[in-house]
2 protein chains.
Amino acid sequence: MRQLTVELAELNEKLLEMGGFVATAIQRSSQALSDHNRELAEQVIREEPRINQREMEIDELVTRLLALRQPVARDLRFLTAALKINTDLERMGDLAMHVAERAISLIHHPFPQRLVDIPQMASLVQSMLLKCLSAFVEGNADLARSVLAMDDEVDAARDAAYDRMLRVMQENPAQAQAAIDLIFVTRNLERIGDHVTNIAEDVVFLIKGVDIRHSSERVEDKIASADRG
Amino acid sequence: MRQLTVELAELNEKLLEMGGFVATAIQRSSQALSDHNRELAEQVIREEPRINQREMEIDELVTRLLALRQPVARDLRFLTAALKINTDLERMGDLAMHVAERAISLIHHPFPQRLVDIPQMASLVQSMLLKCLSAFVEGNADLARSVLAMDDEVDAARDAAYDRMLRVMQENPAQAQAAIDLIFVTRNLERIGDHVTNIAEDVVFLIKGVDIRHSSERVEDKIASADRG
């Protein structure tokens, strides 16, 4: 087997392992929040440097392969996609850690209302991530595209949670801080969903060589949506 | 002059131009918010696709140079840094657009209190970006490092704004939605500051070959800070 093939397989494995760390961090931080489990939240925070470490190793490996093997065509696309996926995974690790931080903060501001949307949002983005990693491994562009549609569900759950929290604040101003913490949690989960979407787009690009970023955006929709408030 | 030198200069110019678009978007969205200026906010939203277009062109150019010129050493570092800086600039453009969207939304939820922190935060992150672009052009690692320290000021301004908005919500629940909108604006500006920090770290890496990411992070500080709530 070519040396480069072996090295790309190693890179592939490192990325998947990092993806696994991130999926675990999402799961645990959401669990910590639901269960008011401080130890689990601290574990997410303590293990986050491992994700950062992996990010730097992957960047180094990619740069080394670009320099030494001078890859072309699909191998080159794989390496530039790996650099981007790596950055997205690291940011997702940060965001999961922010959820864990809010879980700790919320222990001090107990919040009576049941967290209907949050565990659901967390399991949705986690499942998006796992699907996306499968699509990457299998080279399955359709599976990667299916992740893009799931992001709309995440956004809908975020909007529902926002409306609910706004009512809480208006009816019970003393709970404003807890409600804002929960709104931030939903935003962090939404941003995790956005990063998975980026990765899904990179996977499609890698497989098909077609750049689908920004293809469905409409300026007038954005203005109208801002207008609705 | 070598062909690659000419192409790298072209890439450099494209990145700087994109940085200029982003700096303008930050300035205008903040101005639109302060002045309740809907047209200016719409302009930011309408011009954002130009930033996205530039992002795709830069990615393509970098990939082409990696494939055709097979660069090594500093040229290779420049190209991988360009890929990352490009991604960060595009995200900053998104965030400036989100500020513009909030500016429109806030026209419907007029907010009496003067926006003390927001224009200050906006001009701070804009100045970080411009410094960072200068550091990139001049190859000045010290200047890039000085940007990192400025990010603490941004975080402090965000915290001050948060405390003020929380009081607003508690004292006047009818203004909760406007206050949350403003909190989101400060978060968007803070995230713009984070992206500038990423770019500053890439610039240091490019000049010095030293990866300074994650070097100053302490897990215990994060847990203690979450505990303070």
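The values are calculated or read from the model by the stated rules, or taken from the named source; none is laboratory data. Note that the structure is predicted; figures quoted are calculated from it, not measured. All Cβ positions, glycine included, derive from the backbone under ideal geometry; neighbour counts span all protein chains shown.
Observations on the model:
- So A:Glu153, is it assigned to a helix (DSSP H, G or I) and either within 10 Å of chain B (Cβ to nearest Cβ) or of a type in the set (Lys, Arg) (or both): no
- Some residue of segment A:217-229 being part of a loop (DSSP other than H, G, I, E, B) and under 20 Å from the mean Cα position of the chain (by Cα): no
- Checked against the criterion of being among the aliphatic types (A, V, I, L, M), in contact with a helix residue (DSSP H, G or I) (Cβ under 8 Å, 6 or more places away or on another chain) and surrounded by 24 or more Cβ atoms within 10 Å (Cβ to Cβ), the candidates A:Ala178, A:Ala122, A:Ala135 yield just one match: A:Ala122.
- Residue check, B:Ala100 over 18 Å from B:Asp202 (Cα atoms), more than 10 Å from chain A (Cβ to nearest Cβ) and either within 18 Å of the chain's Cα centre (by Cα) or not in a helix (DSSP H, G or I) (or both): no
- Pair list, Cβ < 9 Å and 6+ apart or interchain, from segment A:203-229 residues that are within 10 Å of another protein chain (Cβ to nearest Cβ) to residues that are outside any helix (DSSP H, G or I): A:Phe205/A:Asp211; A:Phe205/A:Ile212; A:Phe205/A:Arg213; A:Gly229/B:His109
- Hits in segment B:195-212 (condition: charged (D, E, K, R) and surrounded by 19 or more Cβ atoms within 10 Å (Cβ to Cβ)): B:Glu201, B:Asp202
For (1) at pLDDT below 95; (2) within 15 Å of the chain's Cα centre (by Cα), each residue gets a yes or a no:
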position	(1), (2)
B:Phe21	no, yes
B:Ala41	no, no
B:Ile51	no, yes
B:Glu55	no, yes
B:Thr63	yes, no
B:Leu66	yes, no
B:Phe78	yes, no
B:Met92	no, yes
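- Pairs, first farther than 26 Å from B:Val196 by Cβ in segment B:3-17, second acidic (Asp, Glu) and surrounded by 14 or more Cβ atoms within 10 Å (Cβ to Cβ), C-beta under 9 Å, six or more apart: B:Leu4/B:Asp75; B:Thr5/B:Asp75
- Hits in segment B:205-219 (condition: more than 18 Å from A:Ser29 (Cβ to Cβ) and of a type in the set (D, E, K, R)): B:Lys208, B:Asp211, B:Arg213, B:Arg218
- A count restricted to segment A:19-63 and to residues that are more than 10 Å from chain B (Cβ to nearest Cβ), surrounded by fewer than 16 Cβ atoms within 10 Å (Cβ to Cβ) and charged (D, E, K, R) stands at 4.
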